[in-house]
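Read through the structure below, which is laid out as structure tokens, and then see the notes.
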Amino acid sequence: MPLKKILVALTFSCTLANVTAQKINRKALVQRHTVVNTKMDTLASLTAGNGIFAFTVDATGLQSFPDYYAKGVPLGTQSEWGWHSFPNTKNYKEEEGLKTYNLNGRDVKYMVQWNNPEQHKNAANYFRQNLHRLHLANIGLEITKTDGTLYKPEDVKNIHQTLDMWAGEIHSKFTVENIPVEVITYCHQHQDAVGVKINSPLIEKGKIKIRFRLPYPTGSWGDVGNSFANDDKHSSILKESSHNSAAITHEIDTTAYRLNLQWSSRADISKKQDHYFTLSPYGAASFSLSCQFSALQKNNQLSFTQIQSNSHTQWQQFWQSGGAIDFNGSTDERAKELERRIILSQYLTKVNCGGSNPPQETGLTYNSWFGKPHMEMHWWHAVHFALWGRLDILEKQMSWYNRAAPIAKSIAQRQGYEGLRWQKMTDNDGREVPSSIGAFLIWQQPHYIYFTELIYRQKNNPQTLNKYKDFVFATADFMASFARYDSAKQKYVLGKGVIAAQERFKAEETFNPTYELVYWHWALQTAQQWRERLHLPRNKKWDEVIKDLSPLPLQGNKYLFTESATDSYTNPEFKTDHPSVFGALGMLPQTPMLNKQTMQNTFNWIWDNWSWNETWGWDFPMTAMTATRLNNPDKAIDALLMPITTNTYLPNGHNYQDGRLTLYLPGNGGLLTAIAMMTAGYDNGTTLPGIPRNGKWKVKWEGLKKMP
């Protein structure tokens with residue numbers, strides 16, 4: 001090469017190196033995706049929260065119109081600790097939810113939903129419904145118009161509302177009858193407290209009140225917190241009222257909690273009717289309020305200024321820690337939208353999923369499945385925290401497994417297995433919930449080993465091994481005992497009695513789903529590595545299962561979705577739901593079981609033939625991860641941004657599914673997991689393996705961890 005060309009090449013190389021080495025301006029990165037609402041959009045609700053408590057508001061900055069927003073993203077006030085059960089007046093017993101199935105030559109009891117007889121059906125329904133998560137309160141503005149009536153959604157004009165994620169600030173401006181109203185809303189990052197400041201000439205005129213309504217739980221699948229009936233079934237009491245503070249206690253059966261209120265200037269608080277209180281400020285055009293929720297204890301009351309300061313400080317610390325990805329300068333027109341989704345997903349998962357318990361799929365915004373978490377989804381909620389350098393959040397949630405272990409052990413024993421069988425649909429204390437699908441799922445089982453391996457990769461020390469080893473080993477004990485030895489095949493088989501992650505196959509008929517086979521092999525091998533790290537001998541039973549686990553089922557040059565479904569590629573029903581076969585090389589690294597070319601053939605067929613309109617939000621990140629490991633970054637980006645309804649990301653960043661699930665946090669968590677792997681890479685791979693090499697993508701990143 002001529003000297004001149006060499007010098008040009010070296011100059012270009014150095015310039016490129018300097019660009020990629022530049023530290024990301026994180027404030028600019030976050031704030032260029034500040035959410036802006038200019039209309040009363042029921043799918044654009046905004047949430048302030050801290051992972052343990054969250055408060056979702058409409059365009060007024062408070063929860064003024066809960067009925068109007070009920071079918072959009074509802075206006076929830078939820079916490080980790082706020083749960084309730086209706087009284088068990090029929091004395092139902094949990095064992096009435098058990099049903100015996102004869103599988104593989106023996107009887108096994110599963111906790112399921114019954115169709116009949118009536119007693120079993122009602123008992124199962126009761127324990128499925130109870131406990132349910134509570135909506136703690138509805139706090140809204142009441143503005144009186146000149147004709148004496150209260151304003152309605154259509155009276156809210158000139159809306160300009162922003163969510164500044166750098167500060168955790170929701171700033172709402174609007175007019176009512178041409179008079180301006182400004183509302184600033186924060187959530188404290190360590191306390192279950194909301195701070196609100198209201199500026200408006202309407203305060204001086206006595207035209208603005210703050211409303212506190214205490215809803216009654218509906219006990220429905222998707223309670224959205226706007227039920228104000230059944231006044232006689234609960235009690236709300238105003239107490240400890242002074243010139244600038246008060247408390248409201250709310251009791252529903254055996255559940256009780258407290259709202260501690262403090263305000264800045266002159267105001268009167270009164271009871272309007274049962275479970276309905278109003279705070280009426282007067283005298284000044286500016287008014288601030290704090291509302292702190294607790295399970296009946298009286299806290300040291302926080303002021304609005306304290307909540308505001310805490311929110312600013314803690315959110316800046318959040319954004320300045322962990323990972324960051326910057327696509328600024330990319331010419332692919334999709335880069336800006338992908339970056340928006342990444343920033344908003346970090347905010348939403350911190351707010352909704354960053355607590356000490358696995359979250360429900362709709363977080364702390366509104367109820368789905370009675371507010372209960374689904375443990376197979378914990379992978380999609382939690383893995384990204386480790387990959388984005390926020391391991392402390394994942395570690396906090398590992399404490400749930402400690403609480404749930406006694407019940408997990410009893411489930412395994414009841415079914416004749418060793419170790420711990422982790423629950424699927426559950427609650428903070430690990431109760432098993434009747435579920436005709438969940439009882440047969442098994443892919444949540446290896447998650448504990450996956451999570452602890454992520455922790456060990458960053459905390460590579462004996463303390464980590466000793467902290468988690470008992471449950472790693474007990475998790476593996478169940479897996480090894482669950483695998484049934486087929487003497488005719490001389491192989492270990494998973495099932496019958498399995499519903500695959502692709503929930504399209506009957507439990508009584510299903511065995512050897514491809515993804516679960518690979519996950520079983522990987523997790524048992526990883527558990528053996530834990531024993532070796534602790535200088536313990538390998539477990540002989542685990543080694544037997546590893547050695548003789550059934551091979552991945554094939555049909556031609558592609559993997560069957562499950563060995564029992566030989567019509568995987570011809571039955572239209574099996575082209576829907578999760579293409580979970582991708583999890584075998586996407587969520588998981590390549591194992592000796594899997595042939596990469598066969599997975600490529602499988603990927604190509606699914607890409608071209610799948611009913612993508614009948615999928616879920618985390619299917620697209622899973623597809624992107626598989627495409628990345630198959631060295632196809634163009635398909636990885638295409639998957640993340642596929643124009644399908646269930647891959648829609650609303651203006652507030654939520655992953656929309658349908659009218660029933662207007663938000664779906666496994667999609668947001670999955671997006672963050674996938675893009676971290678596509679950027680930082682995975683073991684034995686290169687960096688940026690999932691970013692197209694066509695010159696249209698400019699990527700700066702820092703603080704991300706490699707995926708296994």
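Every read-out reported here was derived from the displayed coordinates using simple, explicitly stated rules and does not represent laboratory data. Bear in mind that the values here come from a model prediction, so they are computed numbers and not experimental data. In this analysis, Cβ positions are derived from the backbone assuming ideal geometry, glycine residues included, and neighbour counts consider all displayed protein chains.
List the aspartates and glutamates whose Cα lies under 19 Å from the Cα of LYS145, skipping any in the same chain that are fewer than 8 positions away.
GLU154, ASP155, GLU177, GLU182, GLU204
Specify the angular offset, from 0 to 90 degrees and rounded to the nearest 10, of the alpha carbon long axis of helix 3-21 from the longest principal axis of the alpha carbons in the chain.
60
Here are some pairs, LYS469/LYS496; LYS596/LYS696; LYS205/LYS239; LYS506/LYS575; LYS596/LYS635; LYS99/LYS491; which of them have Cα atoms lying more than 20 Å apart in this structure?
Values: LYS469/LYS496 29 Å; LYS596/LYS696 28 Å; LYS205/LYS239 27 Å; LYS506/LYS575 15 Å; LYS596/LYS635 16 Å; LYS99/LYS491 29 Å.
Distance filter (> 20 Å) returns LYS469/LYS496; LYS596/LYS696; LYS205/LYS239; LYS99/LYS491.
Measure out, as a whole number of angstrom, how far apart the alpha-carbon centroids of the stretch 667-681 and the stretch 306-339 sit.
15
Across all directions of projection, what mean area in square nanometres is found for the Cα convex hull of the chain? Walk me through the intermediate numbers first.
Numbers: hull surface 138.5 nm².
Averaged projected hull area, Cα only: 34.6 nm².
Treat each spin label as a single point 7 Å out from the Cα along the C-beta direction, and report the LYS152 to SER410 distance in nm.
Placing both labels 7 Å beyond Cα along the Cβ direction yields 5.3 nm.
Report, in whole Å, the centroid distance computed from the Cα atoms of the stretch 502-541 and the stretch 565-598.
17
Tell me the label-point distance for the pair HIS160, GLN555, using the 7 Å Cα-to-Cβ offset, in nm and rounded to one decimal.
Output for this residue pair reads 5.9 nm.
Mean residue ellipticity at 222 nm from the helices of the chain, using -39,500 (n - 2.57) per DSSP H segment of n ≥ 4 over the full residue count, to the nearest 500 deg cm²/dmol? Could you put the intermediate results ahead of the total?
Numbers: 17 runs with 221 residues, N = 708.
Mean residue ellipticity, 222 nm, calculated: -10000 deg cm²/dmol.
Loop only per DSSP, at most 15 neighbouring Cβ atoms within 10 Å: give me the trypsin sites (Lys or Arg not before Pro) in the stretch 112-159, ordered by residue number. List each step's numbers first, then the result.
Working: sites: LYS121, ARG128, ARG133, LYS145, LYS157; in loops: LYS145.
For trypsin sites (Lys or Arg not before Pro) across the stretch 112-159 that sit outside H, G, I, E and B with at most 15 neighbouring Cβ atoms in 10 Å, the list reads LYS145.
Could you check the simple spin-label distance between ASN115 and ARG660, using points 7 Å along Cα→Cβ, in nm with one decimal?
1.8
Multiply the residue separation of HIS190 and ASN178 by 0.36 nm, subtract the distance between their alpha-carbon atoms, and state the gained length in nm to one decimal.
Working: separation 12, 0.36 × 12 = 4.32 nm, distance 3.79 nm.
The HIS190-ASN178 span can extend by a further 0.5 nm.
Distance between the C-alpha centers of the stretch 159-182 and the stretch 427-453? Whole Å please.
42
Using only Cα atoms, find the angle between the long axis of helix 447-458 and the longest principal axis of the chain, and express it within 0 to 90 degrees, rounded to the nearest 10.
In the chain, helix 447-458 runs at an angle near 90 degrees to the longest axis.
Please report the projected area of the stretch 529-650's Cα convex hull averaged over all directions, in nm².
Details: hull surface 38.6 nm².
In nm², the orientation-averaged hull projection of the stretch 529-650 is 9.7.
Give the angle, between 0 and 90 degrees and rounded to the nearest 10, that separates the Cα long axis of helix 665-680 from the longest principal axis of the Cα atoms of the chain.
Computed tilt is about 60 degrees.
Enumerate the aspartates and glutamates that LYS121 could reach by cross-link, defined here as Cα to Cα under 17 Å, with residues fewer than 8 away along the same chain left out.
Of all the aspartates and glutamates, those that pass the test against LYS121 - Cα under 17 Å, at least 8 places apart if same chain - are GLU94, GLU95, GLU96, GLU432.
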